[in-house]
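Here the structure is laid out as structure tokens; the discussion comes afterwards.
The values are calculated or read from the model by the stated rules, or taken from the named source; none is laboratory data. In this text, all values refer to a predicted model and were calculated from it rather than measured experimentally. Heads up, the Cβs are rebuilt from the backbone with ideal geometry, glycines too, and the neighbour counts pull from every protein chain shown. To get the accessible areas, we keep the full protein, side chains included, count just its heavy atoms, and leave off ligands, DNA and RNA. Shrake-Rupley method; radii C 1.70, N 1.55, O 1.52, S 1.80 Å.
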Amino acid sequence: MDRIELQKLRDLPIEGVAERLGLRVRMHKSLCPFHDDHHASLSFSVRRNSYRCFVCGASGGPIDLVMRHLHVDFKEACRWLADEHNIILDEWQPQTSDISHQTSFDASRYERFFERPWLNDEARKFLFEERRLDARVVRWCRLTSWKDKQGVPWLQTPYYNREGKLIGIQNRNLVKGALPRFRFPQGAECTIYNLPVLSLLSPGEALYITEGCSDCWAMLSAGHKAIAIPSATLLKKKDVELLSTIHSQLSTSFHMYPDRDEPGERLFLQLQKVLPSLEHHQLPPGCKDYSEFYLLTKRKSAFK
């Protein structure tokens, strides 16, 4: 990991990291998980992007918090942060390739993988049994799969720009609990997902904004046109500008089911600043994201 990649992790908002770890942050404070705390003695400094407990003395930044909370070493903590926030750390290359490392994404190396998408048994189970996705959505998104030399199954998700040009790939580990959970080719640009759907939008038509590919697949399977922001902590200026342009060009009606957590609501508020008409839809109790809501509706319809 180079210095720039490491800085990306250190710059992740400390309170957002704490919430991802399951801590309940209120007014920049939380119960300290490192001792028997009953009075919210863990304090967060947004300016310094750090935490400190004034009882047990625990302190540090995002990486230190993950190391201590999950009882992992520095490298594993960095990997966890990268996986949780969709940060690209290292290069994935096909095991059969002897091409040297590159500094920019070479789409020509990967385009053939998505010309005839192929799903192994693990990918089919994940997409159709666990996620209950519509097969037409899987074909539209050109999802494919592969296995590495150790036999680990991976799901490949291509990212295309608005014109349909391949600009990045997300590789998802299909072994539950395994790390790394995500890997990316060098130079991959995985920002707003499913941009080609914009060419199908009619003036004034509804467009749903989701957090992450999985929620986007679920939204598409439910019959809605949708795009995805990779993470609540990774909303980039150019992404906001693109959404604003779409709104001005097509008078698009934007909708969102924010994840039922602080980062999800924060993402909604960020987007609402540039999309004042963005409509908030509330997920029902027990559903932390739209994927879970979609599965709930599928189960209910199965019993009718």
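Listed values, structure above:
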read-out	value
Spherically averaged projected area in nm², based on the convex hull that wraps the Cα atoms of the stretch 103-148	4.2
With at most 16 other Cβ atoms within 10 Å, longest stretch of the chain clear of loop GluC sites (Glu not before Pro) (DSSP)	1-114
The stretch 212-304: radius of gyration over Cα atoms, expressed as a fraction of 2.2 N^0.38 Å	1.13
The chain: calculated mean residue ellipticity at 222 nm from DSSP helix runs of at least 4, using -39500 (n - 2.57)	-9000 deg cm²/dmol
Separation of the Gln270 and Ala135 label points, Cα + 7 Å toward Cβ, nm	3.8
Kirkwood-type radius of the stretch 1-55, with distances r between different C-alpha atoms, in Å	11.9
Total formal charge among the other residues, if their Cβ is under 13 angstrom from that of Phe128, Lys/Arg +1 and Asp/Glu -1	+2
Rh (Kirkwood; distinct C-alpha pairs) - the stretch 158-240, Å	13.7
Where only alpha carbons of the stretch 23-69 are counted, the Rg and the Dmax (Å)	9.6, 27
Within the accessible area of the stretch 131-271 (1.4 Å probe), percent carbon and sulfur	48
Whole-number D in µm² s⁻¹ for the stretch 148-304, Kirkwood Cα-pair radius fed into Stokes-Einstein, 25 °C, 0.890 mPa s	147
Approximate shape of the chain as ellipsoid semi-axes (Cα gyration tensor, √5λ), whole Å, largest first	31, 25, 20
Accessible surface, the chain, averaged per residue in Å² (probe 1.4 Å)	52
Exposed chymotrypsin sites (Phe, Trp or Tyr not before Pro) absent: longest stretch of the chain, with sites in DSSP loops and at most 13 other Cβ within 10 Å deemed exposed	119-302
